[in-house]
Amino acid sequence: MNSTTKKISWGVAGLAVVGLFALALPAVSSVVTTAQALGSNTAKLLEEPEPESEPAGQRAASTAELPEGYVDIGEGVSIPAGGPGDCTASSFINITRDDGSPWRASLLGPDLVDMGPREFAVGDVGYAADGRIATYTVEPGDSPWAIGDRFCLNNGNAVPLLNGLKGYEAIQPGQVLVLNPEAVPDFEFVYPYDE
């Protein structure tokens, strides 16, 4: 190998090393920052937690503690303000339990609003005696996300879980899904992963 070829090879290798170093620098920097933060918070981690006066599912978030653009909708749950699409506010399917008690499901936030059929959410709506939206009948091609979007649900992907389906189980055409547990008098929530 002649001297010019060696110089070019060493130059290319040097540039490759400098490029790899430049690519790795942000990752190394974030690891160092995280390690510093953990080190300075070690004493806080070892402190005794303060006793809570309310059960975990009942704690209300202080509006002063909420990130900008979020709203408290009850039971310590905060979601982004506004809603999907043309929705001005969102509801939230809350599935929780307090220390060993049975699982429970509730609808937090404003009443559901039907923004009208849309792609992947063209099924029929069922109403409670008081006029609130209660159920939804699945049509072929419907998806939980689009159903949530149609009814201003912040977490439409929780609709299958609310109806006893595990994460890998799909909703089926003709299936009647509960959207608002409080609007269906005989509804009993069963957490599917306890089976």
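Given the criteria assigned by TED's automatic domain parsing to the domain that holds LEU177, at pLDDT below 95 and either assigned to a helix (DSSP H, G or I) or surrounded by fewer than 20 Cβ atoms within 10 Å (Cβ to Cβ) (or both), does ALA146 qualify?
No, not satisfied.
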Selection from the stretch 83-98 of residues that are at pLDDT 90 or above and not charged (D, E, K, R): CYS87, THR88, ALA89, SER90, SER91, PHE92, ILE93, ASN94, ILE95, THR96
Residue in the stretch 126-134 that is in a strand (DSSP E or B) and aromatic (Phe, Trp, Tyr) present: yes
Breaking point among (1) surrounded by 17 or more Cβ atoms within 10 Å (Cβ to Cβ); (2) without any contact (Cβ under 8 Å) to a residue 40 or more places away in the chain; (3) of a type in the set (Asp, Glu), for ASP186: (1)
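Table: residues versus (1) of a type outside the set (D, E, K, R); (2) within 21 Å of THR88 (Cβ to Cβ); (3) in contact with a Lys or Arg (Cβ under 6 Å, 6 or more places away or on another chain).
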{"position": "THR137", "(1), (2), (3)": "yes, no, no"}
{"position": "GLY141", "(1), (2), (3)": "yes, no, no"}
{"position": "ILE147", "(1), (2), (3)": "yes, yes, no"}
{"position": "PHE151", "(1), (2), (3)": "yes, yes, no"}
{"position": "TYR168", "(1), (2), (3)": "yes, no, no"}
{"position": "ILE171", "(1), (2), (3)": "yes, no, no"}
{"position": "GLU182", "(1), (2), (3)": "no, no, no"}
{"position": "PRO185", "(1), (2), (3)": "yes, no, no"}
Flag for LEU107 being in contact with a Ser or Thr (Cβ under 8 Å, 6 or more places away or on another chain), crowded, with 16+ Cβ neighbours inside 10 Å, assigned to a loop (DSSP other than H, G, I, E, B) and at pLDDT 95 or above: no
Selection status of GLU169, part of a loop (DSSP other than H, G, I, E, B), touching a Gly at 6+ places or on another chain (Cβ under 6 Å) and not polar (S, T, N, Q): no
Residue list for the stretch 127-138, restricted to those being surrounded by fewer than 17 Cβ atoms within 10 Å (Cβ to Cβ) and not aromatic (Phe, Trp, Tyr): ALA128, ALA129, ASP130, GLY131, ARG132, THR137
Sole exception among (1) outside any loop (DSSP other than H, G, I, E, B); (2) touching an Asp or Glu at 6+ places or on another chain (Cβ under 6 Å) for LEU161, by number: (2)
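For the stretch 106-118, does any single residue satisfy the condition of being of a type in the set (S, T, N, Q) and in contact (Cβ under 8 Å) with a residue 60 or more places away in the chain? Even if it seems obvious, please write down each step before you answer.
Restricting attention to the stretch 106-118, the residues satisfying the condition of being of a type in the set (S, T, N, Q) are 106.
Subset that is in contact (Cβ under 8 Å) with a residue 60 or more places away in the chain: 106.
Checking the stretch 106-118: at least one residue is of a type in the set (S, T, N, Q) and in contact (Cβ under 8 Å) with a residue 60 or more places away in the chain.
The values are calculated or read from the model by the stated rules, or taken from the named source; none is laboratory data. These figures come from a predicted structure and were not determined experimentally. Ideal geometry is used to build each Cβ from the backbone, glycine not excepted, and the neighbour counts take in all protein chains shown.
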